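Below is one structure, written out as structure tokens, with a few remarks after it.
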Amino acid sequence: MTDSSASTPADSVPMTVYEVVEGLPFEGEVGRGLLFRTNRGDLKSIFHQSTGSEQAVIFVCGARGGFGGPATGMYSRLAERLRLEGISSLRLDYRQPNVIPECVLDMLAGIAMLKGTGHKPVILVGHSFGGAVVVASGVASSHVKGVVCLSPQTYGAHMAGQLSPKSLLVVHGKSDTRLPFSCGLQIHDWGQEPKDLVLYEGAEHRLEECGTELEEMLFGWIPKTLRSGDP
């Protein structure tokens, strides 16, 4: 893919994707490695492609980046399960972790790639810092159908009220000692319908204590939201 660009209100200089290079999956990871070569640096990703699929989801992690996600690497497991159900997944690492405008540009580049390959509006899933990234990205892109915030921070997520009519799902552990569950409550309160809030008793920031329940819940919510409104 060439000459794709994306920009955010926070950054008037667009990020141009010159090419997307296919490579081997990163060691220990399932999926297909894709490297986005851009004018702002290389963006790493892992693509779980469901052949012929028009449905897709993008996963991002917290402020340190990476691919695994919360609940002991739930993203790779969930991506493979969704692939078998006809939904492709793109797991993105950040070029500049913990810098919201740059991370939003990363997300928009991923959205543009999926749109350019024939995928319908996508679901965005982000954990912790990534929760703010997916909110900002969901507001910035019209090619988004829903946003999932897992143990999200409020900083950078204040635009949650502008997501509607896109779906918003906020998930938080009530025993989170890094970002208290009041953060999730605040983002849910900012949001407009359609929105959902799920709180897990006894769950810490990485949601490991409720990992199985969380994965099953997302395995239902993501396909349902992607396919809502389809004939």
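Read-outs: derived from the displayed coordinates by stated rules, not from any lab. Predicted model only: the values in this text are computed from it and were never measured. Ideal geometry is used to build each Cβ from the backbone, glycine not excepted, and the neighbour counts take in all protein chains shown.
Rounded to the nearest 0.05, what FRET efficiency do Glu209 and Glu80 give with R0 = 22 Å and r taken as the Cβ-Cβ distance? Could you check?
0.45
Report the full-extension gain for the segment Gln162 to Arg178: residue separation times 0.36 nm, less the Cα-Cα distance, to one decimal in nm.
Result for the pair: 3.1 nm of gain on full extension.
Take each of the peptides 212-221, 151-160, average the number of other beta-carbon atoms within 10 Å over its residues, and list them starting from the highest.
In descending order of packing, they fall as 151-160, 212-221.
Set Lys and Arg Cβ to +1 and Asp and Glu Cβ to -1, take the dipole of the chain about its Cα centre, and tell me which of Trp190, Phe219, Val170 lies farthest positive.
Farthest along the dipole direction, towards plus: Trp190.
What list of ³J(HN,Hα) values in whole Hz, one per residue of the range 162-174 in order, does the Karplus curve 6.51 cos²θ - 1.76 cosθ + 1.60 (θ = phi - 60°) give from phi, with Gly and Pro shown as x?
Values per residue, Gly and Pro as x: 8, 6, 3, x, 5, 6, 10, 10, 10, 10, 8, x, 6 Hz.
Applying the Karplus parametrisation 6.51 cos²θ - 1.76 cosθ + 1.60 with θ = phi - 60° to the phi angles of the range 141-156, what ³J(HN,Hα) value in whole Hz is obtained for each residue in order, glycine and proline being reported as x?
10, 7, 9, 10, 9, x, 9, 10, 10, 9, 6, x, 8, 7, 4, x
Counting other Cβ atoms within 10 Å of each Cβ, which trypsin sites (Lys or Arg not before Pro) in the range 59-133 have at most 12 and sit in a DSSP loop?
Loop-located and lightly packed - Arg64.
Largest first and to the nearest Å, give the Cα extent of the chain along each principal axis.
45, 40, 38
At 4 °C and 1.567 mPa s, what whole-number value in µm²/s does Stokes-Einstein give for the translational diffusion of the range 126-195, with Rh from the Kirkwood sum over Cα pairs?
D, rounded to a whole number, is 114 µm²/s.
Listed here are the pairs Lys115/Lys166; Lys44/Lys195; Lys44/Lys166; Lys174/Lys224; Lys120/Lys166; Lys174/Lys195; which of them are more than 21 Å apart at the Cα?
Details: Lys115/Lys166 17 Å; Lys44/Lys195 31 Å; Lys44/Lys166 27 Å; Lys174/Lys224 26 Å; Lys120/Lys166 14 Å; Lys174/Lys195 19 Å.
Result: Lys44/Lys195; Lys44/Lys166; Lys174/Lys224 exceed 21 Å.
Looking only at the chain, where both bridge partners belong to it, what percent of the DSSP beta bridges are antiparallel (to the nearest 5)?
45 percent
By how many degrees, 0 to 90 and rounded to 10, does the Cα axis of helix 129-140 deviate from the longest principal axis of the chain?
60 degrees
Around Thr16, which amide H atoms from residues at least 5 apart in sequence, or from another chain, sit under 5 Å from its own amide H, with H modelled in the peptide plane?
Hits under the 5 Å cutoff: Asn39, Arg40.
Counting only residues 5 or more places away or on other chains, whose amide H sits under 5 Å from the amide H of Phe181 once H atoms are built in the peptide plane?
Residues meeting the criterion, in which the H sits 1.01 Å from N, are Asp176.
At 25 °C and a viscosity of 0.890 mPa s, what translational diffusion coefficient does Stokes-Einstein give for the range 153-228, taking Rh as the Kirkwood radius over Cα pairs? Give it in µm²/s as a whole number.
Diffusion coefficient, whole number: 189 µm²/s.
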